[in-house]
1. Under 16 Å from a point 7 Å along the Cα-to-Cβ line of Gln187: which residues of the stretch 98-131 have their amide N that close?
2. Contour minus end-to-end for Ala15 and Ile208, with contour as 0.36 nm per residue of separation and end-to-end as the Cα-Cα distance?
3. Excluding Ile193 itself, what net charge comes from residues whose Cβ is under 14 Å from its Cβ, given Lys and Arg +1 and Asp and Glu -1?
4. For Gly49, what charge total do you get from the other residues with a beta carbon under 13 Å from its beta carbon, if Lys and Arg give +1 and Asp and Glu give -1?
5. Run the accessible area of the chain with a 1.4 Å probe and give the carbon-and-sulfur part as a rounded percent.
6. Using a simple spin-label model with points 7 Å from Cα along the Cα→Cβ vector, what separation in nm is obtained for Phe58 and Ala106?
7. Pick out, from Val229, Val197, Leu163, the residue whose Cα sits farthest towards the positive end of the charge dipole of the stretch 64-300, with +1 on the Cβ of Lys and Arg and -1 on the Cβ of Asp and Glu.
8. Please get the size of the charge dipole for the chain, origin at its Cα centre, with Cβ charges of +1 on Lys and Arg and -1 on Asp and Glu, quoted in debye to the nearest 20.
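The values are calculated or read from the model by the stated rules, or taken from the named source; none is laboratory data. Here the structure is a predicted model, which is why all the values come from computation and not from measurement. Neighbour counts are summed over all protein chains in view; Cβ atoms, including those assigned to glycine, are modelled from backbone coordinates with ideal geometry. Side chains included, ligands, DNA and RNA excluded: accessible areas come from the protein's heavy atoms. Shrake-Rupley method; radii C 1.70, N 1.55, O 1.52, S 1.80 Å.
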Amino acid sequence: MPHLRMTGRGLWITALIVPPLAFVAVFIVYPIFSAFAYAFFDWQGLRRGEFVGFDNFFTVLFVEPYRSWTINAFSHNIVVFFALMVLQNGLGFILAYALWRELPGARFHRIAVFLPVVLSTIIVAYLFKLFLHPLFGVVNVSLKGIGLGWLAQPWLGQSDTALWSLIAAQSWHMVGFPTLVFLAGMQRIPGEILDAVRMETESEWVKISKVVWPLVAPSATIVFTLLFVGAFNWFELPYIMAGLDGSPFGSTDVLGLYFYRTAFGNVSSGQQDFGLGSALAVLIFVFIAVIAGIITVRLRAREIQL
C-alpha cells in the first residue's frame, strides 16, 4: 500500500510537471535553438541554402545598410531604457512612497495606479494613438482649450517627439508595476526601524535615502532587471503606434521592429532574410542575457553591502 501511494503521488507530480515542461520545450527552447541554427545558413525565401558560418552576424553588424539600421535601432532601445528608468521606475517609487505613507485616498489610488497595467498593450497603444492625433486628439484639443494651442503639434508625425510620445505611453501603461513592487518592499520594513528613525529626524529625505531605499533594494533589483529586458524586447507598442518601419524616418525604430522587418519583410520592401533575422535575434538574446545577468549580480552584491 505505501508503495502504491508513492506511485500514485509520483504520477500526480509527473502529470503536473510534464505539461508545462513540454510547453516550454516546444514554444521557447526549440525556437531559441532553431534561431541559433538558422543564423549560420543562407536563406532564399523559405528554402535553406548553404552553410555561411558567421557571415550573417558580420553583415548585420558591419555591412551597410544593415550596420546603420542596427546602430539606429539599438540607440533607440538605449534611450527607451534610461528614459523608462527615470520616468516609469522613478515615478513608481514616488507613488509607492506616497501610498505607503497612507495619504488621503490611498486605497483608491492603489487601484487607479495599477489599473493600466492590466490593460492590453494593444488597447493602450490605440488609445494613445487617438489621444495624440494632431486634429482631434485629446492632447492637442486640451492644449488649445487652455490657451496653449502653440504647443499643439503632430506628436507621432515628427522625429523630435515621436519616440518620446511612445515612451510616455509606455510609462503610463506600466508605472503601476514598479509602484506595487516598491510598495511591497516598503511594507516589509520593520516598524521598530521606522520608530527609531522618527526619533532621530523628521526629514523625509533622510528617511528615504538612509532607510527606505536601502531596505527596498531587493525590489529595485527585480524592477531594474525586468525593465532592462522589457526595454530591449520592446515591440508591440511601437509597432501599433508608429508602424513596422519605425516612422517617421526611423525615429521610433527599435530592435524588435528591425528584427521583424529583416526576418519576415515588410509591406514597403517585401524583402525577407531568415538568416540575417536569426543572427539579429541571437545577438539580441545574448546581449540581453549577459547584461541582465551582470545587472542582477551587481545589484545583489549591492544589497549585501547595504
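1. Zone members listed by number: 98-103, 105-115.
2. Extra length available between Ala15 and Ile208 comes to 64.7 nm.
3. Counting the neighbours of Ile193, the net charge comes to +1.
4. Net of charged neighbours comes to -2.
5. Reported share for carbon and sulfur atoms: 71 percent.
6. Output for this residue pair reads 6.2 nm.
7. Selected residue: Val197.
8. 740
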